[in-house]
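These notes concern the structure reproduced below.
The values are calculated or read from the model by the stated rules, or taken from the named source; none is laboratory data. Since the structure is predicted, the reported quantities are computational estimates derived from the model, not experimental observations. When we count neighbours, we look across all protein chains shown, and the Cβ atoms used for this are built from the backbone with ideal geometry, even at glycine. The protein model used for the area step is the full one, side chains on, heavy atoms only, and it has no ligands, DNA or RNA in it. Shrake-Rupley method; radii C 1.70, N 1.55, O 1.52, S 1.80 Å.
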Amino acid sequence: MCSNSKVKCYFVTGTGRCGTKLFSKLFSLSDNSLCEHEKYFRHASMIKFYRNNDFSSFLEDINLHIIPTVNYFNKLNKSYGISSGHMFFSIPYLYHIFGENVRFILLVRRPEEFVRSALARGFFDPNHPHSCIQLLPNPRNPIFKKWGAISPFEKCLWYWNLVNQFVISEFHKMPKNIYRIVKIEDVDTDLVKQLCNFLELFDVKEEEIQKVLAQRINASPGLGDESDINPYSLPISLEPIERWNNFQLSLLERYTGQLCSKLYKDKDLREL
C-alpha cells in the first residue's frame, strides 16, 4: 500500500442505472482530474468472477491499464477516476493496491426506480433488443435452481441487493474516511461540492455543477429532455410503485426491504 494520504485515484460504482455517468461528468469538471465512465472494467469480468470465481479479467484491467494510468496522472499532479457499474467486485483488490490513497463512492438508487430503469435498459431480459445479462448465477447461490423460471423483474431486485450488500460489506473493512455512500435522490449542488472536497477536487465551480445537474444524463428515453439519453434503453414501461400489484410488492420487500430500510433512514450511511 501507498503511505502518502493524498488522493491519487477514486472509483465510483453501483448497480448501473444509478448515476455513474452523471458523476463521471461532474468529477471531470476539475482541471486536476479525469473521471472516465465504464472504462477498462468490462461487463464480462463481472460474469466470469461471480459465476466461476475467475478474477483474471479484473486483474488484467487493473495491472495493464489502471495502475499505469493512475501513475501517469499522478506524475502530472492529477488524480484519476473511473465511474462504472461494472467494477464493484474489484473493490477489495483496488483497496489492497492503493490503500489510503484511494477513495470509493457507492451510488445507490431506490430499488423500485432502479428496476424500472434497468428493465427499460434490458437487464436480464433476453427479449430486449439490447439485452444486458449483468450476472449469471453461481451454483452455490440459492437463486441458481430457479434462475430459468424467474422474471427479469425479480432478477433485477436480486441484483440490486447483491451489489449494494457486497460493496457495503467491503466498505466496513476500510477506514471510514475513504468511502462514501450516496443516495442519488439526495444529489444537489451542495452534495456534489462535498464529494469534490472528499476527492480533493477543489477547483470545481458551482455554476458548472449546476449546469451538469440540470441535464438528464444517460437517461431513459421518453421522459423529456432527450439531450443525453441512453442509446440502448427503451422508454420505461413498468408502472410506478404506486401501481404495482401485491406480488411485485412482495418481491420488492423480499429482496430489498431490509437494506433499503437502512439506506433510506436519516443517518450517517457509514454507520450501516
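Computed quantities for the displayed model
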item: Of all residues making up the range 58-76, the number that are among the aliphatic types (A, V, I, L, M) and crowded, with 18+ Cβ neighbours inside 10 Å; result: 3
item: The range 27-41 residues that are touching a residue at least 40 places away in the same chain (Cβ under 8 Å) and over 21 Å from GLU207 (Cα atoms), paired with ones that are buried (at least 18 other Cβ atoms within 10 Å of the Cβ) and of a type in the set (S, T, N, Q) (beta carbon under 6 Å, 6 or more apart); result: HIS37/SER24; HIS37/SER83; GLU38/SER84; PHE41/SER84
item: Yes/no for LEU251 being more than 24 Å from LEU191 (Cα to Cα), open to solvent by 80 Å² or more (accessible area, probe 1.4 Å) and among the hydrophobic types (A, V, I, L, M, F, W, C); result: no
item: Members of the range 9-42 that are in contact with a Gly (Cβ under 9 Å, 6 or more places away or on another chain) and assigned to a helix (DSSP H, G or I); result: THR20, PHE23, SER24, PHE27
item: Criterion violated by ILE217 - all others in (1) modelled with pLDDT under 95; (2) surrounded by 11 or more Cβ atoms within 10 Å (Cβ to Cβ); (3) assigned to a helix (DSSP H, G or I) satisfied; result: (3)
item: Condition met for CYS196 (open to solvent by less than 40 Å² (accessible area, probe 1.4 Å), over 22 Å from SER79 (Cα atoms) and in contact with an Asp or Glu (Cβ under 9 Å, 6 or more places away or on another chain)); result: no
item: Residue, most open to solvent (accessible area, probe 1.4 Å), within the range 29-57, restricted to residues that are over 17 Å from the mean Cα position of the chain (by Cα) and of a type in the set (Ser, Thr, Tyr); result: SER56
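Conditions (1) more than 28 Å from GLN248 (Cα to Cα); (2) touching a strand residue (DSSP E or B) at 6+ places or on another chain (Cβ under 9 Å), marked per residue:
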| site | (1), (2) |
| --- | --- |
| MET87 | yes, yes |
| ARG103 | yes, yes |
| VAL108 | no, yes |
| LEU135 | no, no |
| PRO139 | no, no |
| PRO142 | no, no |
| ASN161 | no, no |
| ASN164 | no, yes |
